[in-house]
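The values are calculated or read from the model by the stated rules, or taken from the named source; none is laboratory data. None of the values given here were measured: they were computed from a predicted structure. Because the Cβ atoms are built from the backbone with ideal geometry, glycine has one as well, and the counts that use them run over all protein chains shown.
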Amino acid sequence: MSIHCPYCGVRPIEEFSMRGDATTMRPGTSDPANMDMKLEAEWHDYVYLRDNPKGKFEEYWHHVGGCRVWLVVTRNTITHEIYSVVIASEHSISKQLSHAVDLKMTKDAPTKEGPSS
């Protein structure tokens, strides 16, 4: 298996280290003074609980044997076919923007009582 690094080109898998799920979002705050039970549970889940999905999945990979860039590799966990490779910082920015839009849409969505006035 090989990965196409945006900077180095196609490189063997041995040059990379896999970190894990690139779809999880960090919980709100990590300040212990502002923690409540719900936030503690969210941090516990974020740190310790991971899915092991079959099929198409986004993962963080680090090019340790090359340019040392962090990548988001979308691959099939069964066949190991790679669908896309993007630089993690570019992926994170677009993911945060889409998450912010989703939150805004949820906030602005009309309730059963009707739109907010």
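Descriptive notes on the structure:
- Residues in the stretch 24-71 that are of a type in the set (S, T, Y) and closer than 30 Å to Y83 by Cα: T24, Y46, Y48, Y60.
- Among the candidates V47, V64, V69, residue that is touching a Pro at 6+ places or on another chain (Cβ under 8 Å) and surrounded by 10 or more Cβ atoms within 10 Å (Cβ to Cβ): V69
- The stretch 23-34, subset modelled with pLDDT under 75 and under 23 Å from the mean Cα position of the chain (by Cα), residue surrounded by the fewest Cβ atoms within 10 Å (Cβ to Cβ): D31
- Residue that is modelled with the lowest pLDDT, among those in the stretch 83-102 that are under 22 Å from G9 (Cα atoms) and part of a helix (DSSP H, G or I): S92
- Matching residues, the stretch 4-27, being farther than 12 Å from G65 by Cα and hydrophobic (A, V, I, L, M, F, W, C): V10, M18, A22, M25
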